[in-house]
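*Asks:* A single structure is presented below for examination.
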Amino acid sequence: MITSIVESIQAVPAAEWEHLARPAGLYLSHRWLAGEEEDPTATSTYALVRDLGGTLLAATPLHLVRDEPNDSYRPDNVLPPHLRPRVIAGARRGYHNTPLTAPGLDPGRQDLCLTLLRDAARGFADRHGTTHWWPYLTAPAAARLAPLYPDPALHLEDDALIPLPGTGIDDYISSLPSQRRVGVRRERRAFAAHALDVRRQVLADCFEDAGVLLAGHQQDHGHDRDGIDAMTGLLKRQATAMGSEARVVAAYDRDRMIGFCLYYHYGATTWIRAVALDREHPAPHLYFNLMYYLPVEDAYAHGTTALHAGMTTIEAKRRRGAEVSGLYALTDAPAPEAPAPEAPAPDAPAPGGPGTA
(Lines give C-alpha, C1' and ligand atoms only; values in the text may rest on other atoms or scores of the structure.)
Protein backbone atom coordinates (compact mmCIF):
# COMPACT_ATOMS: atom_id res chain seq x y z
CA MET A 1 0.00 0.00 0.00
CA ILE A 2 1.10 3.56 -0.72
CA THR A 3 0.37 6.56 1.55
CA SER A 4 0.35 10.10 0.23
CA ILE A 5 -0.69 13.57 1.40
CA VAL A 6 -2.57 16.03 -0.82
CA GLU A 7 -3.27 19.66 0.01
CA SER A 8 -6.85 19.94 -1.28
CA ILE A 9 -9.85 17.67 -1.56
CA GLN A 10 -10.04 18.84 -5.17
CA ALA A 11 -6.97 16.69 -5.83
CA VAL A 12 -9.16 13.60 -5.30
CA PRO A 13 -11.92 12.89 -7.85
CA ALA A 14 -15.29 13.34 -6.15
CA ALA A 15 -16.60 9.92 -7.17
CA GLU A 16 -13.50 8.21 -5.79
CA TRP A 17 -13.77 10.02 -2.44
CA GLU A 18 -17.53 9.51 -2.21
CA HIS A 19 -17.14 5.75 -2.58
CA LEU A 20 -15.53 5.85 0.86
CA ALA A 21 -17.38 8.79 2.39
CA ARG A 22 -21.01 8.11 1.51
CA PRO A 23 -21.48 5.36 4.12
CA ALA A 24 -19.68 7.54 6.70
CA GLY A 25 -21.73 10.72 6.73
CA LEU A 26 -22.20 14.28 5.56
CA TYR A 27 -19.27 15.86 7.41
CA LEU A 28 -16.75 13.74 5.50
CA SER A 29 -18.34 14.25 2.09
CA HIS A 30 -16.31 15.72 -0.77
CA ARG A 31 -18.50 18.80 -1.15
CA TRP A 32 -18.63 19.56 2.58
CA LEU A 33 -14.85 19.29 2.93
CA ALA A 34 -14.34 21.55 -0.08
CA GLY A 35 -16.41 24.18 1.68
CA GLU A 36 -14.50 23.75 4.93
CA GLU A 37 -11.25 24.54 3.11
CA GLU A 38 -12.50 28.14 2.98
CA ASP A 39 -12.51 28.32 6.81
CA PRO A 40 -9.57 30.59 7.75
CA THR A 41 -9.18 29.09 11.24
CA ALA A 42 -7.46 25.90 10.02
CA THR A 43 -5.44 24.46 7.15
CA SER A 44 -6.62 21.14 5.73
CA THR A 45 -4.69 18.36 4.04
CA TYR A 46 -5.71 14.78 3.24
CA ALA A 47 -4.02 11.46 3.89
CA LEU A 48 -4.69 8.84 1.21
CA VAL A 49 -3.93 5.13 1.19
CA ARG A 50 -3.93 3.36 -2.19
CA ASP A 51 -3.13 -0.14 -3.30
CA LEU A 52 -0.39 -0.75 -5.84
CA GLY A 53 -2.96 -0.46 -8.64
CA GLY A 54 -3.94 3.05 -7.50
CA THR A 55 -7.33 2.20 -5.97
CA LEU A 56 -8.20 4.41 -3.01
CA LEU A 57 -8.58 2.17 0.05
CA ALA A 58 -8.60 4.64 2.95
CA ALA A 59 -8.48 8.36 3.62
CA THR A 60 -8.85 11.05 6.24
CA PRO A 61 -8.71 14.83 6.37
CA LEU A 62 -6.07 16.35 8.64
CA HIS A 63 -6.77 19.85 9.99
CA LEU A 64 -4.02 22.00 11.48
CA VAL A 65 -6.04 24.29 13.74
CA ARG A 66 -4.86 27.84 14.32
CA ASP A 67 -7.91 29.24 16.12
CA GLU A 68 -10.84 27.04 17.19
CA PRO A 69 -14.07 29.07 17.50
CA ASN A 70 -16.17 26.06 18.57
CA ASP A 71 -15.73 25.35 22.28
CA SER A 72 -16.70 21.70 21.79
CA TYR A 73 -13.66 21.16 19.55
CA ARG A 74 -11.20 22.93 21.84
CA PRO A 75 -8.88 20.37 23.47
CA ASP A 76 -8.68 22.44 26.65
CA ASN A 77 -12.46 22.09 27.07
CA VAL A 78 -12.89 18.36 26.41
CA LEU A 79 -9.54 16.58 26.95
CA PRO A 80 -7.40 15.95 30.04
CA PRO A 81 -5.04 18.82 30.91
CA HIS A 82 -1.86 17.18 29.62
CA LEU A 83 -3.26 16.73 26.09
CA ARG A 84 -3.30 19.74 23.78
CA PRO A 85 -3.22 18.47 20.16
CA ARG A 86 -3.54 21.01 17.36
CA VAL A 87 -4.23 18.55 14.52
CA ILE A 88 -7.71 17.07 14.10
CA ALA A 89 -7.96 13.83 12.16
CA GLY A 90 -11.23 13.22 10.36
CA ALA A 91 -14.25 15.52 10.47
CA ARG A 92 -13.77 18.89 12.16
CA ARG A 93 -17.46 19.74 12.32
CA GLY A 94 -20.78 17.99 12.90
CA TYR A 95 -19.87 15.86 15.93
CA HIS A 96 -19.75 12.71 13.82
CA ASN A 97 -16.38 11.26 12.85
CA THR A 98 -14.82 8.08 11.47
CA PRO A 99 -11.78 7.13 9.38
CA LEU A 100 -12.73 6.39 5.79
CA THR A 101 -12.09 2.89 4.50
CA ALA A 102 -13.34 1.23 1.34
CA PRO A 103 -16.42 -0.96 1.71
CA GLY A 104 -15.66 -4.67 1.69
CA LEU A 105 -12.08 -4.57 2.94
CA ASP A 106 -11.15 -7.72 4.84
CA PRO A 107 -10.19 -7.15 8.52
CA GLY A 108 -6.47 -7.52 7.92
CA ARG A 109 -6.32 -4.94 5.12
CA GLN A 110 -8.61 -2.61 7.06
CA ASP A 111 -6.35 -2.76 10.11
CA LEU A 112 -3.32 -2.03 7.95
CA CYS A 113 -5.11 0.94 6.36
CA LEU A 114 -5.99 2.35 9.78
CA THR A 115 -2.39 1.98 10.92
CA LEU A 116 -1.20 3.86 7.84
CA LEU A 117 -3.74 6.64 8.46
CA ARG A 118 -2.58 6.88 12.07
CA ASP A 119 1.03 7.08 10.93
CA ALA A 120 0.19 9.78 8.37
CA ALA A 121 -1.63 11.84 11.00
CA ARG A 122 1.23 11.36 13.45
CA GLY A 123 3.82 12.42 10.87
CA PHE A 124 1.80 15.46 9.77
CA ALA A 125 1.35 16.60 13.37
CA ASP A 126 5.01 15.99 14.19
CA ARG A 127 6.10 18.19 11.30
CA HIS A 128 4.08 21.01 12.89
CA GLY A 129 5.40 20.41 16.38
CA THR A 130 2.17 19.03 17.82
CA THR A 131 0.08 15.86 18.11
CA HIS A 132 -3.27 14.75 16.67
CA TRP A 133 -6.65 13.59 17.93
CA TRP A 134 -9.87 12.14 16.56
CA PRO A 135 -12.83 14.00 18.13
CA TYR A 136 -16.43 12.70 18.23
CA LEU A 137 -15.73 9.26 16.84
CA THR A 138 -18.69 6.94 16.48
CA ALA A 139 -18.57 3.88 18.73
CA PRO A 140 -17.61 1.49 15.87
CA ALA A 141 -14.88 3.87 14.69
CA ALA A 142 -13.48 4.26 18.20
CA ALA A 143 -13.38 0.47 18.64
CA ARG A 144 -11.47 0.04 15.37
CA LEU A 145 -8.93 2.79 16.10
CA ALA A 146 -8.43 2.33 19.85
CA PRO A 147 -5.80 -0.46 19.59
CA LEU A 148 -3.55 1.98 17.71
CA TYR A 149 -3.47 4.62 20.46
CA PRO A 150 -1.84 4.70 23.88
CA ASP A 151 -4.90 5.68 25.94
CA PRO A 152 -8.45 4.28 25.97
CA ALA A 153 -11.16 6.15 24.08
CA LEU A 154 -12.64 9.04 26.06
CA HIS A 155 -16.43 9.37 26.06
CA LEU A 156 -17.38 12.93 25.02
CA GLU A 157 -21.12 12.97 24.31
CA ASP A 158 -24.09 10.90 23.17
CA ASP A 159 -25.50 10.96 19.66
CA ALA A 160 -29.11 10.49 18.52
CA LEU A 161 -30.33 8.90 15.28
CA ILE A 162 -34.07 8.56 14.61
CA PRO A 163 -35.05 5.66 12.31
CA LEU A 164 -37.73 6.48 9.73
CA PRO A 165 -39.63 3.27 8.91
CA GLY A 166 -42.18 2.92 6.13
CA THR A 167 -42.92 5.57 3.55
CA GLY A 168 -44.33 8.60 5.37
CA ILE A 169 -44.57 10.49 8.63
CA ASP A 170 -47.61 8.51 9.73
CA ASP A 171 -45.40 5.40 9.67
CA TYR A 172 -42.85 7.20 11.83
CA ILE A 173 -45.50 8.26 14.35
CA SER A 174 -46.96 4.74 14.41
CA SER A 175 -43.53 3.37 15.34
CA LEU A 176 -43.54 5.33 18.61
CA PRO A 177 -45.01 4.12 21.94
CA SER A 178 -48.70 4.91 22.28
CA GLN A 179 -48.25 7.77 24.75
CA ARG A 180 -45.67 9.43 22.51
CA ARG A 181 -47.90 9.02 19.46
CA VAL A 182 -50.56 11.06 21.24
CA GLY A 183 -48.03 13.73 22.20
CA VAL A 184 -46.54 14.06 18.72
CA ARG A 185 -49.95 14.37 17.07
CA ARG A 186 -50.95 17.02 19.61
CA GLU A 187 -47.75 19.00 18.97
CA ARG A 188 -48.30 18.87 15.23
CA ARG A 189 -51.96 19.95 15.48
CA ALA A 190 -51.21 22.88 17.81
CA PHE A 191 -48.46 24.13 15.52
CA ALA A 192 -50.62 23.84 12.41
CA ALA A 193 -53.48 25.69 14.11
CA HIS A 194 -51.22 28.69 14.70
CA ALA A 195 -51.22 29.18 10.91
CA LEU A 196 -47.65 30.31 10.44
CA ASP A 197 -46.22 30.54 6.94
CA VAL A 198 -43.97 27.47 6.56
CA ARG A 199 -41.47 27.79 3.72
CA ARG A 200 -39.02 25.25 2.32
CA GLN A 201 -36.11 26.88 0.53
CA VAL A 202 -32.40 26.69 -0.13
CA LEU A 203 -30.05 28.28 2.37
CA ALA A 204 -28.75 30.73 -0.24
CA ASP A 205 -32.16 32.43 -0.27
CA CYS A 206 -32.40 33.03 3.48
CA PHE A 207 -28.94 32.86 5.11
CA GLU A 208 -29.09 36.47 6.33
CA ASP A 209 -32.36 36.00 8.26
CA ALA A 210 -31.16 32.62 9.51
CA GLY A 211 -27.84 34.11 10.60
CA VAL A 212 -29.59 36.63 12.86
CA LEU A 213 -31.57 33.87 14.58
CA LEU A 214 -28.55 31.57 14.86
CA ALA A 215 -26.46 34.33 16.46
CA GLY A 216 -29.17 34.88 19.06
CA HIS A 217 -29.34 31.15 19.76
CA GLN A 218 -25.57 30.87 20.16
CA GLN A 219 -25.33 33.86 22.45
CA ASP A 220 -28.21 32.56 24.58
CA HIS A 221 -26.03 29.47 25.11
CA GLY A 222 -22.97 31.48 26.15
CA HIS A 223 -21.09 31.58 22.83
CA ASP A 224 -20.30 35.29 22.83
CA ARG A 225 -17.98 35.11 19.82
CA ASP A 226 -20.82 33.90 17.59
CA GLY A 227 -22.32 37.28 16.67
CA ILE A 228 -24.49 38.11 13.68
CA ASP A 229 -21.57 38.77 11.31
CA ALA A 230 -19.87 35.48 12.28
CA MET A 231 -23.03 33.38 11.96
CA THR A 232 -24.15 35.04 8.74
CA GLY A 233 -20.69 34.50 7.27
CA LEU A 234 -20.70 30.86 8.32
CA LEU A 235 -24.11 30.21 6.74
CA LYS A 236 -23.15 32.11 3.59
CA ARG A 237 -20.06 29.90 3.24
CA GLN A 238 -22.20 26.78 3.65
CA ALA A 239 -24.73 28.09 1.13
CA THR A 240 -22.00 28.74 -1.42
CA ALA A 241 -20.30 25.39 -0.89
CA MET A 242 -23.38 23.17 -0.66
CA GLY A 243 -25.74 24.89 -3.09
CA SER A 244 -29.12 23.22 -3.43
CA GLU A 245 -28.12 20.52 -0.92
CA ALA A 246 -28.38 23.06 1.93
CA ARG A 247 -32.10 22.88 2.71
CA VAL A 248 -34.04 25.08 5.11
CA VAL A 249 -37.53 24.76 6.51
CA ALA A 250 -38.54 28.02 8.18
CA ALA A 251 -41.57 29.48 9.93
CA TYR A 252 -42.56 33.06 9.17
CA ASP A 253 -44.93 35.46 10.87
CA ARG A 254 -45.80 37.53 7.84
CA ASP A 255 -42.38 38.50 6.45
CA ARG A 256 -40.40 37.84 9.65
CA MET A 257 -38.56 34.56 10.04
CA ILE A 258 -39.24 33.31 13.59
CA GLY A 259 -37.53 29.96 13.36
CA PHE A 260 -35.59 27.73 10.98
CA CYS A 261 -33.97 24.34 10.62
CA LEU A 262 -31.01 23.76 8.27
CA TYR A 263 -30.51 20.17 7.15
CA TYR A 264 -28.91 18.03 4.44
CA HIS A 265 -29.97 14.82 2.75
CA TYR A 266 -26.83 12.70 2.35
CA GLY A 267 -26.62 8.98 1.84
CA ALA A 268 -29.49 7.28 3.62
CA THR A 269 -29.73 9.97 6.30
CA THR A 270 -31.12 13.48 6.72
CA TRP A 271 -28.63 15.47 8.82
CA ILE A 272 -29.89 18.27 11.07
CA ARG A 273 -27.27 21.01 11.01
CA ALA A 274 -28.78 23.95 12.91
CA VAL A 275 -32.06 25.00 14.55
CA ALA A 276 -32.80 28.46 15.95
CA LEU A 277 -35.87 30.37 17.10
CA ASP A 278 -36.86 33.99 17.71
CA ARG A 279 -37.70 33.85 21.41
CA GLU A 280 -39.68 37.09 21.14
CA HIS A 281 -42.15 35.39 18.79
CA PRO A 282 -43.16 32.10 20.45
CA ALA A 283 -45.49 29.70 18.71
CA PRO A 284 -46.95 26.41 19.97
CA HIS A 285 -44.33 23.63 19.73
CA LEU A 286 -42.34 25.58 17.17
CA TYR A 287 -39.05 23.95 18.16
CA PHE A 288 -40.33 20.36 18.00
CA ASN A 289 -41.87 20.91 14.59
CA LEU A 290 -38.74 22.56 13.17
CA MET A 291 -36.33 20.10 14.79
CA TYR A 292 -38.22 16.88 14.08
CA TYR A 293 -41.55 16.77 12.29
CA LEU A 294 -41.03 19.10 9.34
CA PRO A 295 -37.58 17.67 8.48
CA VAL A 296 -39.03 14.16 8.90
CA GLU A 297 -41.67 14.98 6.29
CA ASP A 298 -38.99 16.16 3.89
CA ALA A 299 -36.79 13.15 4.67
CA TYR A 300 -39.56 10.80 3.62
CA ALA A 301 -40.15 12.85 0.46
CA HIS A 302 -36.45 12.57 -0.34
CA GLY A 303 -36.26 8.85 0.44
CA THR A 304 -33.88 8.84 3.40
CA THR A 305 -34.42 6.33 6.19
CA ALA A 306 -33.06 8.12 9.28
CA LEU A 307 -32.84 11.58 10.82
CA HIS A 308 -29.52 12.45 12.47
CA ALA A 309 -30.57 14.57 15.44
CA GLY A 310 -27.12 14.84 17.00
CA MET A 311 -26.05 15.68 20.55
CA THR A 312 -27.71 17.39 23.55
CA THR A 313 -31.32 17.12 24.79
CA ILE A 314 -30.88 13.38 24.38
CA GLU A 315 -33.95 12.38 26.40
CA ALA A 316 -36.22 14.57 24.27
CA LYS A 317 -34.81 12.86 21.19
CA ARG A 318 -35.16 9.43 22.76
CA ARG A 319 -38.85 10.17 23.40
CA ARG A 320 -39.19 10.82 19.68
CA GLY A 321 -37.75 7.47 18.71
CA ALA A 322 -34.03 8.14 18.70
CA GLU A 323 -31.46 5.39 19.05
CA VAL A 324 -28.63 6.71 21.22
CA SER A 325 -24.93 5.81 20.98
CA GLY A 326 -21.72 7.27 22.35
CA LEU A 327 -19.23 9.63 20.74
CA TYR A 328 -15.56 9.30 21.71
CA ALA A 329 -12.14 10.92 21.38
CA LEU A 330 -8.79 9.24 20.78
CA THR A 331 -5.57 11.17 21.29
CA ASP A 332 -2.00 10.45 20.32
CA ALA A 333 0.76 10.68 22.90
CA PRO A 334 3.47 13.30 22.47
CA ALA A 335 6.62 11.92 20.87
CA PRO A 336 9.25 11.08 23.50
CA GLU A 337 12.01 13.61 23.72
CA ALA A 338 15.39 12.39 22.53
CA PRO A 339 17.76 11.92 25.48
CA ALA A 340 20.47 14.52 25.82
CA PRO A 341 23.93 13.23 24.83
CA GLU A 342 25.98 12.15 27.77
CA ALA A 343 28.89 14.41 28.69
CA PRO A 344 32.31 12.69 28.51
CA ALA A 345 33.90 11.69 31.78
CA PRO A 346 36.36 14.31 33.07
CA ASP A 347 39.44 12.24 32.26
CA ALA A 348 38.19 10.83 28.98
CA PRO A 349 39.15 12.41 25.63
CA ALA A 350 36.34 14.18 23.82
CA PRO A 351 35.10 12.49 20.65
CA GLY A 352 37.31 13.39 17.75
CA GLY A 353 40.08 14.71 20.02
CA PRO A 354 43.46 13.27 20.83
CA GLY A 355 43.45 9.55 21.37
CA THR A 356 40.60 8.83 18.92
CA ALA A 357 41.47 6.24 16.34
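The values are calculated or read from the model by the stated rules, or taken from the named source; none is laboratory data. In this text, all values refer to a predicted model and were calculated from it rather than measured experimentally. All Cβ positions, even for glycine, are placed from backbone atoms using ideal geometry, and neighbour counts span all protein chains on display.
*Asks:* Look at the range 281-322 and say how many of its residues are over 22 Å from residue 265 (Cβ atoms) and of a type in the set (Lys, Arg).
*Replies:* 2
*Asks:* Then there is this: Residues that are at pLDDT below 95, under 23 Å from the mean Cα position of the chain (by Cα) and hydroxyl-bearing (Ser, Thr, Tyr): does the range 254-263 have at least one?
*Replies:* For the range 254-263, residues at pLDDT below 95, under 23 Å from the mean Cα position of the chain (by Cα) and hydroxyl-bearing (Ser, Thr, Tyr): absent.
*Asks:* Can you report the number of residues in the range 227-238 which are under 16 Å from residue 277 (Cα atoms) and either crowded, with 20+ Cβ neighbours inside 10 Å or at pLDDT 95 or above (or both)?
*Replies:* At the first step, the residues of the range 227-238 found to be under 16 Å from residue 277 (Cα atoms) are 227-228, 231-232, 235.
Add one more test, that the residue is either crowded, with 20+ Cβ neighbours inside 10 Å or at pLDDT 95 or above (or both), and what stays is 231, 235.
Adding up the residues that qualify gives 2.
*Asks:* Another one. When you look at residue 34, is it surrounded by fewer than 20 Cβ atoms within 10 Å (Cβ to Cβ), closer than 25 Å to residue 66 by Cβ and aliphatic (A, V, I, L, M), yes or no?
*Replies:* Details: surrounded by fewer than 20 Cβ atoms within 10 Å (Cβ to Cβ): yes; closer than 25 Å to residue 66 by Cβ: yes; aliphatic (A, V, I, L, M): yes.
So residue 34 passes the test.
*Asks:* Going by the structure shown, is residue 212 outside any helix (DSSP H, G or I), within 28 Å of the chain's Cα centre (by Cα) and not hydroxyl-bearing (Ser, Thr, Tyr)?
*Replies:* Here the answer is no, as residue 212 does not meet what is asked.
*Asks:* Which one of 100, 105, 112 is within 18 Å of residue 18 (Cα to Cα), more than 22 Å from the chain's Cα centre (by Cα) and aliphatic (A, V, I, L, M)?
*Replies:* Of 100, 105, 112, the one residue that is within 18 Å of residue 18 (Cα to Cα), more than 22 Å from the chain's Cα centre (by Cα) and aliphatic (A, V, I, L, M) is 105.
*Asks:* In addition: Tell me, which helices (runs of 4 or more DSSP H) lie completely within the range 1-94 with 1 or more residues that are touching a residue at least 40 places away in the same chain (Cβ under 8 Å), outside the structural domain of residue 262 (by TED's automatic domain parsing) and β-branched (Val, Ile, Thr)?
*Replies:* Answer list for the range 1-94: 75-78.
*Asks:* What are the pairs with Cβ atoms under 6 angstrom where one residue, in the range 226-238, is small (Gly, Ala, Ser) and the other, located anywhere, is crowded, with 18+ Cβ neighbours inside 10 Å and part of a helix (DSSP H, G or I)? Sequence gap at least six, or different chains.
*Replies:* As it stands, the answer is 227/215, since those pairs meet every condition given.
*Asks:* Restricting the search to the range 297-307, which residues are surrounded by fewer than 24 Cβ atoms within 10 Å (Cβ to Cβ) and not small (Gly, Ala, Ser)?
*Replies:* Correct list: 297, 298, 300, 302, 304, 305.
*Asks:* If residue 282 meets every condition in (1) of a type outside the set (Ser, Thr, Tyr); (2) without any contact (Cβ under 8 Å) to a residue 60 or more places away in the chain; (3) farther than 27 Å from residue 74 by Cβ; (4) crowded, with 23+ Cβ neighbours inside 10 Å apart from one, which number is that one?
*Replies:* (4)
For (1) more than 17 Å from residue 25 (Cα to Cα); (2) of a type in the set (A, V, I, L, M, F, W, C), each residue gets a yes or a no:
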| position | (1), (2) |
| --- | --- |
| 259 | yes, no |
| 262 | no, yes |
| 287 | yes, no |
| 299 | no, yes |
| 311 | no, yes |
| 323 | no, no |
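*Asks:* Looking only at the range 256-288, count every residue that is touching an Asp or Glu at 6+ places or on another chain (Cβ under 6 Å) and more than 18 Å from residue 214 (Cβ to Cβ) and tell me the total.
*Replies:* Final tally of qualifying residues: 2.
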